[in-house]
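Written below as structure tokens is the structure these notes are about.
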Amino acid sequence: MRTFRYFPFGLYIFSPLGFLFAFVITTGANARVTAPEFGNRDISMVFDANMHAGIVSRIGGHEISVGPKSASETITVDGKSVEDFAFIGSETARVSDVRGSGSRLTIRGRSGAVEKTETVDAFENFPSMLFVSVSYKNIGRNSIAVQGWTSQAFAISAGSVHSTVPFWSLQSGSYESRPDWVVPLKVGFRRDNYLGMNADDYGGGTPVIDVWRPDAGIAVGHDELTPEIVSEPITMPSADEATLAIKCQLNRSLKPGESLKTLETFVAVHTGDYFRTLREYRRLMIAKGVKFENPGSDSYDPIWCAWGFGRNFQPEQIVNALPEAKKLGFGWVTVDDGWQTNEGDWQPNPKKFPRGDADVRALVDKIHASGFKAQLWWAPLSASPGSGLLHEHPDWLLLDASNQKRKISWWNAFYLCPAVPAVVRYHQALAERIFKVWGFDGLKLDGQFLNAVPRCTNPVHHHHNSLDSVQELPYFFRAISEAAHAIKPGAQIELCPCGTAYSFFSMPYYNMSVASDPESSWQVRSKGKTLKALMGDKLPYFGDHVELSDGGTDFASTVGVGGVIGTEYRWPPNDAKAAPSSDGNSAKLILTPDKEAIWRKWVKIYREQMLPKGEYRGDLYDIGFDKPEAHCVEKGQNFYYAFFAPEWKGTISLRGLKERHYEVVDYVNGRSLGVVQGPTAVLPVAFTHSLLLEAVARN
């Protein structure tokens, strides 16, 4: 059955599938042409006569106008933004592709010499999303110069639900300052979220941004299968609204009759924070063919990393520390930076491994004999200036538009081009050596430069275009992963892009994400929520070395979000050979007796609860507006909650429970808080920093 509603000059049909179609009706000689409204079950796009658009959220049957209409799809011609396109007609049709079945609105308008054709797709399987593609055609007699286009430019109003912080946001750009990914907005805020290079070796990201208020949120992004050089700016120009958009700069001439087509972009609405949007984006990309890897062998075991000894470590220091790591309950040992002669050649350092391969294998055998899995640090795609590799293959270098080498700052090295087949084969051979000859069980691929690479214009590479290097980077990681798994099925491949906002496009080719040099416990938790939405619960999230958290001992932040714990402590405490740490603060890395007791306690808690094997319920709490900050992991019949605040005295809400009784236990301190009844329970509590609870199902 269908129901019909009439509006001036329009007939609106609500179908059982949840789609909202709008058709223009004109009668009589003086009838007006009215731009349509079109949408999906949870979202509508409302156009006006200039093809400006506004977004309406209908989640849960509650209609909310997210913000005013704006010039959402525009083109810059001869230095001026063309924003108003006089509406000339529209039509609808059924569509079907890998996303399922749906409907398409095609709407057309004109402005001077430019004709705009915009399609909006609504798919039944993605009820909160609309997909937009735009084509601009030069219908004039002269060529026009195009400098760029903008898509999904929308404003979100502050709304009627008042808060001291009007908006929270998810940012997607990568910067040398390594800012938070999840941030509150204030008047005057702007971040361009440029997904190209924002420094010599910082760039890339996931092409989705999100702004939300307490009762509604809006996200925009693109769903192409390769990295694209666009910006996704978020601004807060006034106390009343914030804006978001997707922008692409061009330098192109359109001849008469020629057309320019944008990327396919999408807009989505949601309630709560950004978690639902990223989860839907992940589901969308899987529908389009993206496949994620399986977890590595023993991938949830806690990790001890020898980076505490620094680059000047000696193999015997690692061997001497193994009994303590075993006693504490760690399962992985990572041999970090410093094992190699240089970046590029990747030969064992003869001062540490005088017999070369044999000595590296001997170290791995000792790690295995002590009951651990062994992981090796590696910074592929980098080459030191004095390396034999660059002496033999200077043609492998990535060169930028100025024909200059691009520097990798931390290692004082240079980029190799990932789009050169010989470069890929060289790294595949290195991966084979690491697993077959040396016997390692996993890789720690490390470096901010691995998140994205600059455009390459090296003439000897004969690239199709300069974007080849950018778009081939994910397949470079695929080659390493395939080489590793061919020799050691279940090998653990961790990618640590050092503080950058992860590129989604490489995610299918490794099986462990990491907090990646967090600068606070907030980053540990917010990155955990983000990466679990993008990669799912099946793949482990490593909270990185606890020494990087607030106070250097905050295991709770990793445990609470269902992450894998890790450390880089030095042991024994009186090791006279240990060189100063990289930041000059060696004392914080020493495992004192007091710290040893804390480490032992948290490894025991971690192993007993094993929350990475549960389902992270990021949909239950808003990380920005809910106070105290809350996270939940559902595992079996039980629910695990983690609350965070500097100081809290008041009530907390246990969401997501089934309609049954639960005993609530503070599993860190071993005390019962009583029995509650689902589906939602409220408890009075007081805590400092963190409170971790288990709701144990009772018959």
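Side notes on the structure shown:
- Each pair of Cα atoms in region 443-518 enters the Kirkwood radius, and Stokes-Einstein at 25 °C and 0.890 mPa s then converts it into a translational diffusion coefficient of 184 µm²/s.
- Of the solvent-accessible surface of the chain, computed with a 1.4 Å probe and all protein chains present, 50% belongs to carbon and sulfur.
- Scalar couplings 3J(HN,Hα) for region 390-407, obtained by applying the Karplus form with A = 6.51, B = -1.76, C = 1.60 to θ = phi - 60°, are 6, 5, 7, 10, x, 6, 7, 5, 7, 10, 8, 4, 8, 6, 10, 5, 9, 8 Hz; x denotes Gly and Pro.
- Cβ crowding within 10 Å averaged over residues, with 298-308, 314-324 ranked highest first: 298-308, 314-324
- Only lysine pairs 8 or more places apart, or on different chains, with alpha-carbon atoms under 23 angstrom apart are counted in region 256-400, and they number 8.
- Taken one residue at a time, the phi angles of region 76-84 give Karplus couplings (6.51, -1.76, 1.60, θ = phi - 60°) of 9, 10, 6, x, 10, 7, 8, 10, 9 Hz. Gly and Pro are set to x.
- Pairwise centroid distance, computed over Cα atoms, of region 632-699 with region 475-538, Å: 30
- Answer label for mean projected area of the Cα convex hull in nm² (calculated), chosen among [x] 33.9; [y] 38.8; [z] 35.5: [x]
- Straight Cα distances below 13 angstrom link LYS186 to the aspartates and glutamates ASP240, GLU241, with same-chain residues fewer than 8 positions distant left out.
- For the chain, a crude dipole built from +1 on the beta carbon of Lys and Arg and -1 on the beta carbon of Asp and Glu, taken about the Cα centre, is about 900 debye to the nearest 20.
- Gained length - HIS464 relative to VAL161, 0.36 nm times residue gap less alpha-carbon distance: 103.9 nm
- Between the amide H of GLY148 and those of THR76, LEU250, distances stay under 5 Å, these residues lying 5 or more places away or on another chain, with hydrogens modeled in the peptide plane.
- Given their separation in residues at 0.36 nm each and the Cα-Cα distance between them, ASN50 and THR651 gain 211.4 nm when the chain is fully extended.
- Label point distance in nm, VAL98-LYS261, each placed 7 Å from Cα along Cα→Cβ: 1.6
- Cα gyration tensor shape for region 78-161, rounded if a/c is under 1.5, else prolate or oblate: oblate
- Residue ranges 346-358, 119-131 sort as 119-131, 346-358 when ordered by packing (mean number of other C-beta atoms within 10 Å per residue, highest first).
- Between VAL675 and LYS604, the C-beta separation translates, for a Förster distance of 41 Å, into a calculated FRET efficiency of about 0.95.
- For the chain, the longest principal axis of the Cα atoms and the long axis of helix 275-287 meet at an angle of about 90 degrees.
- Peptides 291-297, 501-507, ordered by how many other C-beta atoms sit within 10 Å of their residues on average, highest first, read 501-507, 291-297.
- Sequence-ordered 3J(HN,Hα) estimates for region 105-114 from the Karplus curve with 6.51, -1.76 and 1.60 and θ = phi - 60° stand at 9, 10, 10, 10, x, 9, 8, x, 8, 10 Hz, glycine and proline given as x.
- Placed amide H near LEU443: partners under 5 Å, 5+ positions off or other chain: LEU376, GLN492, ILE493, GLU494
- For MET610, no residue whose modelled amide H falls within less than 5 Å of its own remains once neighbours fewer than 5 places apart on the same chain are excluded.
- Solvent exposure of the chain, expressed per residue, is 38 Å² of accessible area, with all protein chains present and a 1.4 angstrom probe.
The values are calculated or read from the model by the stated rules, or taken from the named source; none is laboratory data. This is a predicted model, so every value here is computed, not measured. Don't worry about glycine lacking a Cβ; one is built from the backbone with ideal geometry, like all the others, and counts go over all protein chains shown. Surface areas here come from the heavy atoms of the whole protein model, side chains and all, with no ligands, DNA or RNA. Shrake-Rupley method; radii C 1.70, N 1.55, O 1.52, S 1.80 Å.
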